[in-house]
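Before any comments, here is the structure.
The values are calculated or read from the model by the stated rules, or taken from the named source; none is laboratory data. Note that the coordinates shown come from a computational prediction; the quantities given were computed from them, not determined experimentally. Note that we place each Cβ from the backbone using ideal geometry, even for glycine, and neighbour counts take in every protein chain shown. Heavy atoms of the whole protein, side chains included, go into the accessibility calculation; ligands, DNA and RNA do not. Shrake-Rupley method; radii C 1.70, N 1.55, O 1.52, S 1.80 Å.
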Amino acid sequence: MKFRNFPMVPRVVFGRGSFNQTAEIIAPKRIDDKPMIFFVDIFFKNSPLVDKIPLEKNDKLIFIETKEEPKTIYVDSIRDELKQEFGTVSGIIGVGGGTVMDMTKAVALMMNNEGSSAEYQGWDLVKKAGVYHACAPTLSGTGAEVSRTAVLTGPEKKLGLNSDFTPFDQVILDPELTKNAPKNQRFYTGMDCYIHCIESLTGTYLNAFSKSYGEKALELCQDVFLNKKEWTDESDDDLMMASWHGGMSIAYSQVGVAHALSYGLSYLLGTKHGVGNCIVFDYLEEFYPEGVREFKQMVEQNEIEIPRGVCANLTDEQFDKMINVSINMVPLWENALGKDWKQVITPKKLREMYEKM
Ligand code: ZN
């Protein structure tokens, strides 16, 4: 057995209003006259958050499109523009949800690595460290703030830039930034965390390390989405920490059936990760009876609508594409169902499952 020796985020600041300290936090990371680049979710264009971005001298703010999951071509084009305009940059700070965080990690890496980001989709293919990269999440749940990957949709696959260089150098956890998130969005992203916990805690890869983080994250998710009658500032604090712990839990185990299926959906249809997980999880009683029961309860209690019929009009070819992406997520299936997962999961079985969604 080879034990993985994985890197963690070296610096983190937590607290309401901590984002106001950003200028001070990044100051020592400025290199000569090279700018700091801020990636901000386009959702915040024309919002007061933009005024809080501490731009100095030739720093640049780039609004990031977040309607779809981040694509390798999008990463490459922003990298090319930055290289053309500045040569190199002091660093990149992402302010947004999972998409912006993954874009930040990916572009930071690609500033120092040749070619297209599609060439680095996989495990430990990134050759050189990227430029300094930090983030301030505005949505909680993905765990992208702690993860060792930057998930991208490429021409051939949806797979992350998984490397020791990927984790952020700095994370700014300011729950005030998540305060005005749209209710549905907050729920879908929060459920990403909930599902990370269920998949980790019921998986065959489970160990004491993952269990300790997963149990805490699960308890926090249950608190904010089930036990509390209304959303409070404390809920934002708790969900932010749930996301962190959920991310830590899967760092040393793996996700499972819901993620394997939802990767197929978002590869084909561009479905965002959080809502994709919810669409899928609704139909997974067979694999996660307890988790799915509780999930349905949360959906009802929080008055959330989960999209249905997303696979209603797909062609055979489209189904095959989705099934192919999904079935290739070997570690996920193995974690969920053990070494003999192929006896349960066949293309036919996946087709039947997708057809329901
Ligand atoms: Zn996830």
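For the reader, a short list of remarks on this structure follows.
- Summed over the stretch 330-347, the residues that are within 19 Å of residue 195 (Cβ to Cβ) and open to solvent by less than 20 Å² (accessible area, probe 1.4 Å) give a count of 5.
- Residue 205 surrounded by fewer than 20 Cβ atoms within 10 Å (Cβ to Cβ) and touching a helix residue (DSSP H, G or I) at 6+ places or on another chain (Cβ under 6 Å): yes
- Per this entry, residue 131 is counted among residues that are closer than 22 Å to residue 111 by Cα, open to solvent by less than 30 Å² (accessible area, probe 1.4 Å), touching a helix residue (DSSP H, G or I) at 6+ places or on another chain (Cβ under 6 Å) and more than 16 Å from the ligand (Cβ to nearest atom).
- Residue 24 fulfils the conditions (1) over 16 Å from residue 170 (Cα atoms); (2) open to solvent by 60 Å² or more (accessible area, probe 1.4 Å) except for a single criterion, (1).
- Restricting the first member to the stretch 145-160 and to residues that are free of Cβ contacts under 8 Å to residues at least 60 places away in the same chain and closer than 24 Å to residue 245 by Cα, and the second to residues that are of a type in the set (A, V, I, L, M, F, W, C) and open to solvent by 10 Å² or more (accessible area, probe 1.4 Å), the beta-carbon pairs closer than 6 Å and six or more apart or on different chains are 160/151.
- Residue in the stretch 88-101 that is over 24 Å from residue 50 (Cα atoms), touching a strand residue (DSSP E or B) at 6+ places or on another chain (Cβ under 7 Å) and either of a type in the set (Val, Ile, Thr) or open to solvent by less than 10 Å² (accessible area, probe 1.4 Å) (or both) present: no
- For the stretch 55-87, a residue qualifies if it is assigned to a loop (DSSP other than H, G, I, E, B), in contact (Cβ under 8 Å) with a residue 24 or more places away in the chain, farther than 29 Å from residue 187 by Cβ and open to solvent by 60 Å² or more (accessible area, probe 1.4 Å), and the qualifying residues are 56, 57, 58.
- Any hit, the stretch 262-270, residues being in contact (Cβ under 8 Å) with a residue 24 or more places away in the chain, under 21 Å from residue 204 (Cα atoms), within 16 Å of the ligand (Cβ to nearest atom) and open to solvent by less than 20 Å² (accessible area, probe 1.4 Å): no
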